[in-house]
Each structure stands twice: as structure tokens, then as C-alpha cells.
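Let me begin by presenting the structure, written as C-alpha cells, before commenting on it.
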Amino acid sequence: MTKKGTTQTWFITGATSGIGRELTAAALARGDRVAAIARRVDALSDLSERFGDALLSLAADVRDEQSVRQAVDQAVRRFGSIDVVANNAGYGLFGAVEEATDAQARAIFDTNVFGVLNVLRATLPVLRRQGFGHILQGSSLYGQTAHPGVGLLAATKYAVEGLTDALVGEVEPFGVKVTLVQPGPTATAFLANLDFAEQIDEYDGTVRAVQEALGKLPAEAFMQPADAAQAIMRVVDCEQPPRRYALGAQAESDMRAALQARLADLQNWSKLGQTADGK
Ligand SMILES: NC(=O)c1ccc[n+]([C@@H]2O[C@H](COP(=O)([O-])OP(=O)(O)OC[C@H]3O[C@@H](n4cnc5c(N)ncnc54)[C@H](OP(=O)(O)O)[C@@H]3O)[C@@H](O)[C@H]2O)c1
């Protein structure tokens, strides 16, 4: 059953794998229409055969503003409007902050932050004109917390969270809703697609120790992307969706601990910090 019994139109980036692909399949399965974006869209041919015209596969690179604009134009030409934008495409980089090269750091920002901005700039004129829409911003538990080895990945997700906190108030008057989706570890191609920094031995006790521990995580520690997609569908169907949406118990507990630690710093250092007011 679709939202309020109506057919929804989705614009999903990173639609060929993992969470994006499951979201695409779930939306199509309930009768919605999807403009599915990725660089290599041949991976969607099975869904294309199954769902025909309800799926519009569009090869575009989120790093390339022009190709994103063209994809949005084609989606609107085919479907007339966009109800949900899933700004989901992204990848990870593992290594100490010092280990990541300038090129690696810029590359992950190019996809995870500037790609997200390209999608926003291309879709917001459509959503504003319509006077409705729901943007799902692809964040992570690393949008609120980080540990050794994920500094650059977390930097991109924190950036998405910061710009989204401003965006919410900017687009709300136009009837556009925004939700940061914060998945915990999910069994997708994310790990296989990880970029790795060149190792500096001095980080063996921290970054490599974390890497080893992560490598030993049992399969049960990972959510299934199909379950994550269903949880996302449920929030899309809410009349008043949240600004932040943690997916899975791991994401929730890690972010809760990080937020409590932040609050503790604020409280414990309040007196000293307020001396800056000069009173
Ligand atoms: N898996 C996790 O544990 C986890 C946890 C928290 C958050 N997340 C977030 O969830 C999102 C989806 O990740 P996933 O786990 O589903 O990963 P995935 O299985 O590796 O899928 C990534 C998708 O993004 C697309 N993509 C990558 N770069 C692109 C680009 N420049 N332009 C267009 N499409 C691009 C890929 O297709 P092409 O390569 O064909 O372009 C693919 O469809 C990411 O933002 C990730 O940070 C994942």
C-alpha cells in the first residue's frame, strides 16, 4: 500500500547496490515509480524487466552537476513530479586522518558532500515549484560519532548533517520535508568498495586495531539492506517525519553514547567556557 493510497515518485541515487537498490525494489514492488541513478545502471536490468515503465534507469555521476541535472530533467519529463529524493550515493575511506592523502580526502568529499549538493541544487527547484517533497539525506552513524580510522568518512557525513540542519528551515516554508537517514553497519557492497589509505606503522595500535576488530564482526552485526529499506519506507509514509532517523540498534546506541559525551563536555566545562564572556 502506498502513502495515502497514492503512487509516489522517487529519485534515488546509488540505486544499483545496497540500500539504494533495496529501496528502489521496495518502492517499485508497492506500485511506486522510481528514477534510479548510478554510474553503471546495467545492474538494474532485472528490475527493469520486472517493473517496466515504472523504473527509469539513468546513468549519472553525482560528482558531475550537469549529469545530475539531466537526470532530474528526464525524471520530471517522464513522471511529472518527484515526491521523494533519496540522496543516498556514497562510499567509505578507511585510514588515519594523517594517512589519507589530499587526493583521497578530496575524492570522498566530491562524492559524499559535493554529490549530495549537486542533487539538492538540481531537485530543489522542482520540489519548491511543486510545493511538496521529502528529501532523504544519506548520513550514517558516522554523521554523529567517529572512531579511529573513519575520520574522513565521518567528516563527509558530519558535513551533510550540518548543511541539512540549515536546509530544514530553509525549505520547510515550501512544503519540503528533510530527514537525515543514519544507518548502522549494513551488509552491502560498502566494505568491498572502501578506499584505504596508505599505512603508517605508528597507527597500528589504534587504526589497525580497530580495522582488525571490525573485520571480526559477525554477520549478525550487520543489518540487511532490505530491512533498512523497509524502515526507510515506513518513515517516508509518516505525516511528520523526523529530522534524524537512526537505522538499527547499533547506530542508535553508538550515537546515544556520543551525544551524551558531548552533553557532558558542555555541562562540565560550562563555568570555564563562560569566562570567555568577560563577566
Ligand atoms: N553499508 C553500511 O554499513 C552503511 C552504513 C552507514 C551509512 N551508509 C551509507 O549508505 C549509502 C549507501 O551505501 P551502501 O552501503 O548501500 O553502499 P553500496 O552497496 O556500495 O552502494 C553504493 C551505491 O552508490 C553508487 N555510487 C557511488 N558513487 C557514485 C557516484 N559518484 N555517482 C553515482 N552513484 C554512485 C553506486 O553505484 P555505481 O558505482 O554504479 O555508481 C552504488 O549504487 C552511502 O551513502 C553510505 O555512506 C552505509
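Key figures for this structure:
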read-out	value
Over region 42-137, relative contact order from alpha-carbon pairs under 8 Å, at least 6 apart, %	38
Label-point separation in nm, residue 252 to residue 219, each point 7 Å along Cα→Cβ	2.5
Taking 97, 119 and counting other C-beta atoms within 10 Å, the order from fewest to most	97, 119
Projected-area mean, region 177-279, by convex hull of Cα positions, square nanometres	11.2
Cα pair distances in region 13-163, grouped into 10 Å bins until the bin that holds the longest one, percent each	11, 39, 33, 14, 3
Pairwise FRET efficiency - residue 275 versus residue 121, Cβ, R0 = 35 Å, nearest 0.05	0.25
Inter-centroid distance (Cα atoms) of region 81-96 relative to region 210-279, Å	17
Fraction of beta bridges assigned by DSSP in the chain that are antiparallel (%, nearest 5)	0
Cα convex hull volume per residue for region 111-158 (Å³)	62
Share of alpha-carbon pairs per 5 Å distance bin for region 1-92, given as whole %	3, 16, 28, 28, 17, 6, 2, 0
For region 3-250, size of Cβ-based charge dipole, Lys and Arg +1, Asp and Glu -1, in debye	1160
For the chain, projected area of the alpha-carbon convex hull averaged over all directions, nm²	17.2
Cα shape, region 76-124, gyration tensor, a/c 1.5 rule	prolate
Nitroxide proxy distance, nm - points 7 Å out along Cα→Cβ at residue 212 and residue 195	2.7
Kyte-Doolittle mean at least 0.0 and Cα axial length at least 24 Å: DSSP H helices in the chain	151-171
Length-normalised contact order for the chain - Cα pairs under 8 Å, 6+ apart - percent	20
Dimensions (Å) - region 177-225, Cα atoms, principal axes, largest first	45, 27, 18
Spatially close lysines, pair count over the chain: Cα under 30 Å, gap of eight or more or interchain	6
Sorted peptide list for 138-147, 266-275, criterion being average Cβ within 10 angstrom, highest first	138-147, 266-275
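No lab work stands behind these numbers, since they all come straight from the coordinates. Please read all numbers here as calculations on a predicted model, not as lab measurements. Note that we place each Cβ from the backbone using ideal geometry, even for glycine, and neighbour counts take in every protein chain shown.
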